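Have a look at the structure below, then the notes.
The values are calculated or read from the model by the stated rules, or taken from the named source; none is laboratory data. Quantities reported herein were computed from a predicted structural model and do not represent experimental measurements. With ideal geometry, Cβ positions are generated from the backbone for all residues, glycine too; neighbour counts draw on all protein chains shown.
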Amino acid sequence: MKKILNYIVPMLCICLASCNDKWEEHFGKDDANTQKNLFEVVSSTTEYSAFAELLEKSGYAESLKASKNYTVLIPTNEAINAAKNQYNFNDTSVVRSFVGYHLINSIYSVNDNTDTVKALNFRNKYVEFTRGTFDGIQPTAKNLTASNGLYHVIGQPLKPLSNIFTLVKTEFENTKQVEAISSFDTAYVENGETFYKSSPVWMSEVRRNMTTENRKYTYFVIDDANFEAELNKLTPFFKTNYVEGNTHRPDSTTTFFTKKFLLRDFIVEGDLLENQLNSELTSISGTKFTIPSGSLISRHKASNGVVYRVHSIDFQLQNQIKEKIVLGVNPIGYKQTDKRGNTYFRDKRDTLGNLYQDIQIHGHNVTAFYAKYRVTGMNVIRYKVYGRAIMGLPGDPQTATFTQYVHFLDPNLIAPNEVDLYKRPVVNHLGVNDTRFTFGVQPLNHGEVYLGEVSQNQYGNLPLLVMSNGTGPIILEYLRFVPIIQ
């Protein structure tokens, strides 16, 4: 037994020493500061006195005294002194922003071999820990321990970055493009108090992508003449009947829709490098475009991506005015509501093994039964319309050729019966003027069927019906609307 103990005890000591070495390698050496909280570390170290002063002024000092774990990136006195030329540390808001950028929730160590980790700081911005650096800044000391977290020492401070939205409005406020951005944020005074209001559609489709911090985007700002040329090119496709400047529906005017549409196409997902600008790019709305050679003027880093100032962007109209698709499985209503038992939403495979979804309505015994649909965001243009409906597969109750019809709402009509409102003039598949499309469905035809042309006279929704022939069935996978670009 004694021999065994003589063997085990030395080995245990070696293991404990080895573990301690690994801990020190990962989190810094054990010293007196491990017993201090992060505030005490900062305030008691002469080399950090300048940051300690700013910490007290920022209002964040109490947070670092708490038991919750944090990571602090501590600029040295020399780093703070050098930063005084860039920041007004007499302004409390500036101090709070500066200090908060160096305080991070939770514990983050650094490792030269670790890929990028995004750490959220007190200013709700992300600091990137990449292969031993913080936003590209090498620490002079790292992975040092305190009782409530870790701290790293840096020889230059992190630069608080603005998000894309703030950067663009600050750096390029006198451009036509930023004027258009600012026009979506309106202010009004009531009882001496100023209220700010933004359109929910503008916020969700455009601005949110410029302000979100948990994803990276690339934004482009172009010359005034080119911005206005693009705006003028698109305006005819977004015509509405709402008068410009009206206070009842300011978010429904031609100008509103045109600006919103164009501004969305300056945003690309991802933090693009300069050499990536030579490729075809795709905006968050799916518009493909290119940056002409020699167009780049400057690059500006933002907290959530990058902004490029360029002379122009090459947008092709056929990429901007896009096709629309209505899925059969997304009806918004029916002729009557008591035929749910005759309505089937199907997941099927065609003869090629491709999965698709459709709607089938049969056995309803209602003459001219119909399902209602709505195409959204239709531009002022003429569309070619195609449809796909597959039947005759194993298990289908319908195996014989049948006809169904597609009708479109005519807003100029007034009638007591709903169905009589859906008689918009169209050109059918034979090239003849009509008030409906005839949609013939053939067994096992997996190809699209050309139905005809329909015109949209103002930007917005296009309501339509898919109607049975007599008491016959309705089957629809989709209708596809392809704009005719002259």
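Data table
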{"read-out": "Residues located in the stretch 337-372, provided they are closer than 22 Å to Ile325 by Cα, loosely packed, with under 10 Cβ neighbours inside 10 Å and charged (D, E, K, R)", "value": "Asp347"}
{"read-out": "Qualifying residue in the stretch 304-313 (condition: closer than 21 Å to Asn163 by Cα, in contact with a Gly (Cβ under 9 Å, 6 or more places away or on another chain) and not assigned by TED's automatic domain parsing to the domain that holds Tyr422)", "value": "yes"}
{"read-out": "Subset tally (residues that are within 28 Å of Phe257 (Cβ to Cβ) and either of a type in the set (Phe, Trp, Tyr) or outside any loop (DSSP other than H, G, I, E, B) (or both)) for the stretch 419-459", "value": "11"}
{"read-out": "Where a residue in the stretch 105-118 is touching a residue at least 12 places away in the same chain (Cβ under 8 Å) and its partner, wherever it lies, is part of a strand (DSSP E or B) and of a type in the set (Lys, Arg), with Cβ under 6 Å and at least six apart", "value": "Val110/Lys142"}
{"read-out": "Hits in the stretch 428-474 - residues which are out of contact with any Lys or Arg (no Cβ under 9 Å at 6 or more places or on another chain), among the hydrophobic types (A, V, I, L, M, F, W, C) and at pLDDT 95 or above", "value": "Leu430, Val432, Phe437, Phe439, Val441, Ile474"}
{"read-out": "The stretch 389-409 - residue that is modelled with pLDDT of 95 or more and in a strand (DSSP E or B) and, of those, surrounded by the fewest Cβ atoms within 10 Å (Cβ to Cβ)", "value": "Thr403"}
{"read-out": "Of all residues making up the stretch 353-388, the number that are within 16 Å of Arg436 (Cβ to Cβ) and assigned to a loop (DSSP other than H, G, I, E, B)", "value": "3"}
{"read-out": "For Asn412: the one exception among (1) surrounded by 15 or more Cβ atoms within 10 Å (Cβ to Cβ); (2) without any contact (Cβ under 8 Å) to a residue 24 or more places away in the chain; (3) within 38 Å of the chain's Cα centre (by Cα)", "value": "(1)"}
{"read-out": "Which listed residue is more than 23 Å from Glu53 (Cα to Cα) and assigned by TED's automatic domain parsing to the domain that holds Tyr48, from Ser109, Ser93, Ser97", "value": "Ser109"}
{"read-out": "Considering residues of the stretch 104-119 that are farther than 16 Å from Ala302 by Cβ, within 24 Å of the chain's Cα centre (by Cα) and assigned to a strand (DSSP E or B) only, the residue modelled with the lowest pLDDT", "value": "Val117"}
{"read-out": "Residues being at pLDDT 90 or above and assigned to a loop (DSSP other than H, G, I, E, B) - total across the stretch 20-45", "value": "3"}
{"read-out": "Condition check for Thr287: closer than 30 Å to Lys118 by Cα and either in the same structural domain as Gln177 (by TED's automatic domain parsing) or not charged (D, E, K, R) (or both)", "value": "yes"}
{"read-out": "Qualifying position, being over 30 Å from Tyr242 (Cα atoms), of a type outside the set (S, T, N, Q) and in contact with a strand residue (DSSP E or B) (Cβ under 6 Å, 6 or more places away or on another chain), among Gly470, Gly452, Gly440", "value": "Gly440"}
{"read-out": "Those residues of the stretch 34-79 which are within 17 Å of Leu144 (Cα to Cα) and within 36 Å of the chain's Cα centre (by Cα), in sequence order", "value": "Leu64, Lys68, Asn69, Tyr70, Thr71, Val72, Leu73, Ile74, Pro75"}
{"read-out": "Every residue from the stretch 70-88 that is outside any helix (DSSP H, G or I) and modelled with pLDDT under 95", "value": "Lys84, Asn85, Gln86, Tyr87, Asn88"}
{"read-out": "For Gln320: the one exception among (1) surrounded by fewer than 12 Cβ atoms within 10 Å (Cβ to Cβ); (2) within 30 Å of Phe172 (Cβ to Cβ)", "value": "(1)"}
{"read-out": "Qualifying residue in the stretch 169-181 (condition: within 30 Å of Thr258 (Cα to Cα) and basic (Lys, Arg))", "value": "yes"}
{"read-out": "Subset tally (residues that are under 13 Å from Glu477 (Cβ atoms) and of a type in the set (Val, Ile, Thr)) for the stretch 329-354", "value": "1"}
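This table checks each residue for (1) of a type in the set (Lys, Arg); (2) within 25 Å of Asn241 (Cβ to Cβ); (3) assigned by TED's automatic domain parsing to the domain that holds Leu462; (4) within 32 Å of the chain's Cα centre (by Cα).
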site: Leu355; (1), (2), (3), (4): no, no, yes, yes
site: Gly363; (1), (2), (3), (4): no, no, yes, no
site: Ala371; (1), (2), (3), (4): no, no, yes, no
site: His407; (1), (2), (3), (4): no, yes, yes, no
site: Tyr422; (1), (2), (3), (4): no, yes, yes, no
site: Val432; (1), (2), (3), (4): no, no, yes, no
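Conditions (1) surrounded by fewer than 17 Cβ atoms within 10 Å (Cβ to Cβ); (2) touching a Lys or Arg at 6+ places or on another chain (Cβ under 6 Å); (3) farther than 22 Å from Leu38 by Cα, marked per residue:
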{"site": "Asp91", "(1), (2), (3)": "yes, no, yes"}
{"site": "Tyr101", "(1), (2), (3)": "no, yes, no"}
{"site": "Asp115", "(1), (2), (3)": "yes, no, yes"}
{"site": "Gln138", "(1), (2), (3)": "yes, no, no"}
